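What follows is one structure encoded as structure tokens, with my remarks underneath.
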Amino acid sequence: MTKVSIIMGSQSDLPVMNEAIEILNEFKIKVEVDIVSAHRTPEKMSLFGSEAHKRGIKVIIAGAGGAAHLPGMIASLSPVPVIGVPIKSKNSLEGWDSILSILQMPGGVPVATVALNGAKNAGILAAQILGIENKEIQKKILKYKNSLKEKVIQSGREIKNNNLE
């Protein structure tokens with residue numbers, strides 16, 4: 001079964017990362033979740049990054065705040081695509097430290113980076129990556145995107161109707 005691994009630097013990141021978990025669950029994509037700190041558990045991080053593909057992980061979503069080294073370090077160790085989620089933590093510089101730490105990777109070590117606290121988009125991007133090879137997931141993505149379109153159309157109708165009264 002297709003698997004996405006969602007990792008984060010600490011438990012305080014979980015409220016943000018839950019959005020990725022929820023959207024992947026909505027798409028019925030198998031998810032594993034763990035705390036892997038680049039600074040406090042470097043051995044665990046190294047083993048996770050070097051072994052993920054052997055365990056059937058197809059995409060890794062890595063969230064981190066502050067210095068945010070986790071996504072880049074995992075990307076340096078793994079052949080699996082990594083999506084980084086910068087997290088605005090209580091000691092961050094309005095999230096810019098996380099954004100730049102994840103976004104500004106050296107050549108050869110790519111990390112797809114979503115917006116600050118953008119875990120939902122990370123989950124959707126992971127599903128889209130998996131949908132390239134899995135047509136059932138791709139159908140779910142298309143249905144989801146169509147539902148977004150329908151919500152906008154419905155909102156437009158409601159606004160028009162409210163302004164006519």
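The numbers here are math on the coordinates, done by the rules we state, and not lab data. Keep in mind the model is a prediction, meaning the values are calculated, not measured. Please note: Cβ atoms are built from the backbone with ideal geometry, for glycine as well, and neighbour counts cover all protein chains shown.
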**Request:** May I ask you to order 90-98, 150-158 by the average number of other C-beta atoms within 10 Å around their residues, highest value first?
**Result:** 90-98, 150-158
**Message:** Of Ser50, Asn25, Val36, which is farthest towards the positive pole of the stretch 1-64's charge dipole, taken about the Cα centre with +1 and -1 on the beta-carbons of Lys, Arg and Asp, Glu respectively?
**Reply:** Ser50
**Complete:** Val36 neighbourhood, Cβ < 13 Å, K/R = +1, D/E = -1, net charge -3
**Message:** If you fit an axis through the alpha-carbon atoms of helix 119-131 and take the longest principal axis of the Cα set of the chain, what angle between them do you get, 0 to 90°, nearest 10?
**Reply:** 90
**Request:** Any chance you could give the angle, 0 to 90 degrees and rounded to 10, that helix 135-164 forms with the longest Cα principal axis of the chain?
**Result:** 40
**Prompt:** Taking neighbour counts of Cβ atoms within 10 Å as a proxy for exposure, in what order, fewest first, do Ser5, Ser78 appear?
**Reply:** Ser78, Ser5
**Request:** Rank Asn134, Ala119, Pro71 by how far each Cα sits towards the positive end of the charge dipole of the chain (+1 on Lys, Arg Cβ; -1 on Asp, Glu Cβ) and give me just the farthest.
**Result:** Asn134
**Asked** Over the stretch 1-112, what is the relative contact order in whole percent, taking alpha-carbon pairs under 8 Å and six or more residues apart?
**Response** 26
**Prompt:** Which angle between 0 and 90 degrees, to the nearest 10, do you get for helix 14-26 versus the longest principal axis of the chain when only C-alpha atoms count?
**Reply:** 60
